[in-house]
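*Asks:* Next up is a structure, given as C-alpha cells.
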Amino acid sequence: MSSTPRAIQANSHREVAGSLLVVDNVSKTYQRPGSVFQALADINLTLPAGSFQSIVGASGCGKSTLLSIIAGLMPASSGTVLVADQPLARPRAELVTLIFQDPTLLPWLTALDNVAFPLELRGISRPERRDRAEQLLQLVGLAEFAHHYPRELSGGMRQRVAIARGLVLDPAVLLMDEPFGALDEQTRIRLGDELLSIWERTRKTILFVTHSLSEAIYLSDRVFVLHGRPSRIAEVLDIALPRPRNLSIMGSPEFGRLRNQIWNYLSQE
Amino acid sequence: MASDEIDGHLAHRRLDVADLPGKPDATHGRLPHVSARLTQVVMLACFAGLWQLAVIQQWLPPQLLPAPSAVWSAMVDMLGQQEVQQDLLVTSLEVAVAMALAIPLAVVAGMALAEGTGGKMLARLANVGIAVPQSIFLPIFLLIFGAGFAEKIIFGFTHAVLVILLSSAAAARAVPASSLQMVEMYGATRLQIHRKLYYPYMTPVILQGVRLGLIFCVTGVILAEMYVSNVGFGKQIVFWGTSFALPQLLASIFIVGIATVIANQALHGLERRAGRWREV
C-alpha cells in the first residue's frame with residue numbers, strides 16, 4: 001500500500017489520453033466594481049472512466065464552484081472542461097450530473113416521481129420513466145418507499161433518492177457536492193458505505209467533494225487537495241487501499257498515515 | 001448503467017425505519033380543522049346570544065340595535081328583491097373582473113420583480129404604494145375614468161393588484177436557489193422551470209395573496225359604489241344608512257360580509273389543496 005504525492009500538472013498531462021473527464025487549466029475570477037477576486041487558479045484534473053476520486057479542502061475554498069463549472073452550471077473564466085473529448089459549456093446531465101448537498105427533492109412529488117423527474121423533463125413516457133425510477137429506487141434500497149413524499153423520509157433516505165435521481169439519465173460522470181455533509185456521523189458513514197456498493201455495481205465515474213478527510217480516503221482511488229488563495233490543486237494522493245473496503249480499514253495504520261498526510265497539506269499556510 | 005445491473009443489491013440492507021419522520025396520519029390534520037370550525041360556530045352563537053341579550057336589556061336604543069330576528073327578516077326580504085339581486089350581481093361582476101385582471105398581471109409582474117435586476121427598487125415602490133390608503137385617490141379616479149362600471153373595476157383592481165404582486169414576488173423569491181440549479185442542470189426549458197418548479201412552489205403563497213387581495217378589491221369596489229354609483233351593492237348600503245333603516249343596513253353589511261367570507265374560504269380550500277406538500 002502506498003500513496004504517491006506529486007504535482008497535478010505533471011499528472012494531468014500524463015493521463016489526459018483515455019480520461020473521461022478532463023479539467024484543463026480552469027480558473028475562476030469574480031469581478032465586481034472596484035474589486036477582483038480569484039477563487040480558483042489553474043485547476044487540472046483528469047478522471048479515468050470508472051474511477052472514484054475526491055476533492056478535499058477547507059470550507060469556502062471553491063470546491064462547490066469547481067463542481068458547478070464542471071457541471072456546466074457556471075462558466076469558467078479561463079480553461080476548458082472536456083467530457084469524452086467534448087467541451088462542456090452548458091449543463092448536460094446525460095453526460096455529467098451533479099448531486100447537491102441539499103437533496104433538492106421537489107416536496108410535492110413522491111420519491112418515485114422525484115427520481116423520474118429528469119426523464120419527465122425529457123418527455124419520456126410515464127410507464128418507461130416509472131420502470132426506470134423503480135429500478136433505481138431498488139438500487140438505493142428504497143423500493144418500498146417509492147410512494148412516500150420527501151417529508152416522510154429521513155435525511156439519509158432523501159439523499160439516497162437524490163442519488164437515484166442522479167443516476168436516472170445514466171450519466172458518464174457523477175459529481176457529488178458534499179452529499180452527506182448535512183447528515184449525522186453515523187448516517188454519513190453508512191451512506192458512504194452504500195455509495196461504495198452502488199459505485200462497485202455501476203462503475204460510474206465519480207468526483208466526490210467533501211471536507212471529511214476520512215470519507216475521502218475511504219471512498220476514493222485518488223484524493224485531490226484544494227488549498228491556497230486562490231485555490232489550487234496543492235497535492236494529489238493515490239489511495240492504494242485494497243477494495244472492496246469495509247469500515248475496519250479506517251483503523252489501519254495506512255489509513256491514519258494518509259489522513260495525517262492530507263491534514264499536513266491542508267494546514268500549511 | 002444497464003437496467004439488468006440494477007437488481008436491488010441493496011434491498012437486503014436494513015432500512016432505518018425508526019429514523020423516518022413518520023407518514024402523516026390522515027386524521028392528524030383533520031382534527032385541528034374540525035376544532036377550528038367548531039370554535040367559529042360557538043363564537044358565532046355567542047355573538048348572536050349577546051346581541052339578543054343587548055336588545056332585550058335595551059343596552060342600546062332599539063333604533064340603533066334591531067333584534068337579530070329583524071335583521072334576518074330584512075335579509076331574506078332583500079334577497080328576494082330583484083333590484084337587490086341585480087345590485088349584488090353588478091358588484092360581484094365588478095369584483096370578479098377586477099380580480100381576473102389583477103391576478104395574472106400581479107403574478108407575472110411579481111415574478112419579474114423577483115427575478116429582475118431592478119426588483120428591489122420596484123419592491124420598495126410597491127411597498128410604499130400599498131402603505132398609502134388608496135381611498136383618498138377616489139376623486140381622482142372619478143375625474144379620470146368617470147363614474148361608470150370601468151371606474152369601479154379599476155378602483156377594485158388597484159386595491160388588489162399590489163397585494164397580490166408583493167405576495168407573488170415573495171413566493172418567487174422563496175423558491176430555493178438549489179432547486180433552480182437542479183432543474184437547470186437536468187436541462188429544463190424556461191417554460192418547464194416555470195411549470196414544474198415555480199408554479200407548484202408559488203401557488204399556495206400566491207393564493208394567500210389572492211385571498212387578501214380579494215378583501216381589498218371588495219373594499220375598493222364597494223367604496224366606489226358608495227361614493228358615486230347608482231348601481232351596485234354599495235349604493236344599497238348608502239341608501240339604507242341614509243334612510244336610518246337599521247335592519248336593512250345591518251342585513252346589507254352581513255350579505256357583503258358573508259359573501260366575502262365564503263369566497264375567502266373557497267380560496268383557502270384551494271390554498272390548502274395546493275400547499276398540501278407543506279404540511280409536516
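A short reminder: the numbers here are calculations on the coordinates, not readings from a lab. Here the structure is a predicted model, which means the values were calculated and not measured. Note: ideal-geometry Cβ built from the backbone for every residue, glycine included; neighbour counts use all protein chains shown.
*Asks:* So between A:Thr29 and A:Ile249, what do we pick up on full extension, going 0.36 nm a residue minus the alpha carbon distance?
*Replies:* Details: separation 220, 0.36 × 220 = 79.20 nm, distance 3.98 nm.
Going from the current span to full extension adds 75.2 nm.
*Asks:* At B:Leu93 and A:Ala89, where each label point lies 7 Å from the Cα along Cα→Cβ, what is the point-to-point distance in nanometres?
*Replies:* Between B:Leu93 and A:Ala89, the simple spin-label model gives 5.8 nm.
*Asks:* Per DSSP H run of at least 4 residues, take -39500 (n - 2.57); add these up for chain A, divide by its residues and hand me the 222 nm value, nearest 500 deg cm²/dmol.
*Replies:* Computed ellipticity for chain A at 222 nm equals -11000 deg cm²/dmol.
*Asks:* Would you tally the net charge around B:His194, using a Cβ to Cβ cut-off of less than 13 Å, leaving B:His194 out, and scoring K and R as +1, D and E as -1?
*Replies:* Residues close to B:His194 contribute a combined charge of +1.
*Asks:* Also: Can you compute the FRET efficiency between A:Arg229 and A:Ala49 using 1/(1 + (r/R0)^6), with r the Cβ-Cβ distance and R0 = 41 Å? Round to the nearest 0.05.
*Replies:* Details: r = 33 Å, r/R0 = 0.81.
FRET efficiency, A:Arg229 to A:Ala49: 0.80.
*Asks:* Further, regarding this structure: I'm a student and want to see the number: the projected area of the Cα convex hull of the protein assembly as shown, averaged over all directions, in nm². Please list the in-between numbers first.
*Replies:* On the way: hull surface 135.6 nm².
Mean orientational projected area (the protein assembly as shown, Cα hull): 33.9 nm².
*Asks:* Under the definition of partner shielding as Cβ atoms of other protein chains within 10 Å of a residue Cβ, what is the mean value for peptide A:104-110?
*Replies:* What the average comes to for A:104-110 is 5.
*Asks:* Determine, from the Cβ-Cβ distance of A:Val36 and B:Met43 and an R0 of 56 Å, the FRET efficiency 1/(1 + (r/R0)^6), rounded to the nearest 0.05. Walk me through the numbers on the way to the answer.
*Replies:* Working: r = 64 Å, r/R0 = 1.14.
Approximately 0.30, to the nearest 0.05.
*Asks:* Quick one: angle between helix B:119-131 and the longest Cα principal axis of chain B, in degrees between 0 and 90, rounded to 10, please.
*Replies:* Roughly 20 degrees, rounded to the nearest 10.
*Asks:* Additional query: Working out 0.36 nm times the residue gap between B:Arg195 and B:Gln86, then minus their Cα-Cα distance, what length gain in nm do you get to one decimal?
*Replies:* Gain in length upon complete extension: 35.3 nm.
*Asks:* Something else: If you build a Gaussian network model of chain A, linking Cα atoms that sit under 10 Å apart, which residue out of A:Leu196, A:Leu45, A:Leu109 swings the most?
*Replies:* A:Leu109
*Asks:* Here's something else I'd like to know. Gaussian network model of chain A, Cα springs within a sub-10 Å range: biggest mean-square fluctuation belongs to which of A:Thr29, A:Thr46, A:Thr110?
*Replies:* Largest GNM mean-square fluctuation: A:Thr29.
*Asks:* How much length is gained on full extension from A:Gln268 to A:Arg151, taking 0.36 nm per residue of separation minus their Cα-Cα distance?
*Replies:* Values: separation 117, 0.36 × 117 = 42.12 nm, distance 4.26 nm.
Computed gain between A:Gln268 and A:Arg151 is 37.9 nm.
*Asks:* Helix A:253-267 against the longest principal axis of chain A: what's the angle in degrees, Cα atoms only, rounded to the nearest 10?
*Replies:* Computed tilt is about 70 degrees.
*Asks:* Return the aspartates and glutamates within reach of B:Lys235: Cα separation strictly under 12 angstrom, same-chain partners fewer than 8 residues apart disregarded; answer none if there are no such residues.
*Replies:* The reachable aspartates and glutamates, counting only those whose Cα sits under 12 Å from B:Lys235, are B:Glu83, B:Asp87, B:Glu225.
*Asks:* So what are the ³J(HN,Hα) numbers for segment B:99-109, from phi and the Karplus equation (6.51, -1.76, 1.60; θ = phi - 60°), rounded to whole Hz, Gly and Pro as x?
*Replies:* Each residue's phi maps through the Karplus curve to give 5, 5, 7, 6, 4, x, 4, 5, 5, 5, 5 Hz.
*Asks:* What is the antiparallel percent of DSSP beta bridges lying wholly in the protein assembly as shown, to the nearest 5?
*Replies:* On the way: 24 of 43 bridges.
Looking only at bridges with both residues in the protein assembly as shown, the antiparallel portion is about 55 percent.
*Asks:* Which shape class, rounded, prolate or oblate, goes with segment A:140-213 when its Cα gyration tensor gives a ≥ b ≥ c as root eigenvalues, a/c under 1.5 marks rounded, and past that a/b bigger than b/c marks prolate?
*Replies:* It comes out oblate by the Cα gyration axes.
*Asks:* How tilted is helix A:111-121 with respect to the longest principal axis of chain A? Cα atoms for both, answer in degrees (0 to 90, nearest 10).
*Replies:* Tilt relative to chain A: about 80 degrees.
*Asks:* Report, for chain A, the % of DSSP beta bridges that are antiparallel, rounded to 5.
*Replies:* On the way: 24 of 43 bridges.
Of all bridge pairs located within chain A, approximately 55 percent are antiparallel.
*Asks:* In chain A, which longest range has no trypsin sites (Lys or Arg not before Pro) that are both DSSP loop (not H, G, I, E or B) and surrounded by at most 16 other Cβ atoms within 10 Å?
*Replies:* Working: sites that count: A:Arg122, A:Arg203.
So the longest stretch without any such site is A:1-121.
*Asks:* Still on this structure: What chymotrypsin sites (Phe, Trp or Tyr not before Pro) does segment B:138-212 have in DSSP loop regions with at most 10 other beta carbons within 10 Å?
*Replies:* Loop-located and lightly packed - none at all.
*Asks:* If you find the alpha carbon centre of segment A:112-152 and of segment A:221-249, how far apart are they in angstrom?
*Replies:* 33 Å
*Asks:* Once you place label points 7 Å from the Cα toward the Cβ at A:Thr80 and B:Leu270, how far apart are they in nm?
*Replies:* 5.3 nm
*Asks:* Which of the lysines could a cross-linker span from A:Lys63 if the Cα-Cα distance has to be under 20 Å and same-chain partners fewer than 8 positions apart are dropped?
*Replies:* By straight Cα distance, A:Lys63 reaches A:Lys28.
*Asks:* Give the shape of chain B as rounded, prolate or oblate, defined through the alpha-carbon gyration tensor: a ≥ b ≥ c are the square roots of its eigenvalues, a/c under 1.5 means rounded, and otherwise the shape is prolate if a/b is larger than b/c and oblate if not.
*Replies:* Taking the square roots of the gyration eigenvalues as a ≥ b ≥ c, chain B is oblate.
*Asks:* Please identify, among B:Ala263, B:Ala171, B:Ala131, the residue showing maximal mean-square fluctuation in a Gaussian network model of chain B using a 10 angstrom Cα cutoff.
*Replies:* Residue with maximal mean-square fluctuation among B:Ala263, B:Ala171, B:Ala131: B:Ala131.
*Asks:* Could I have the simple spin-label model distance between B:Ala177 and B:Val76, label points 7 Å from Cα toward Cβ, reported in nm to one decimal?
*Replies:* Taking the simple label geometry, B:Ala177 and B:Val76 are separated by 6.3 nm.
*Asks:* Now for a separate question. What are the lysines whose alpha-carbon lies under 27 Å from the alpha-carbon of B:Lys120, with same-chain residues fewer than 8 places away excluded?
*Replies:* Output for B:Lys120: B:Lys196.
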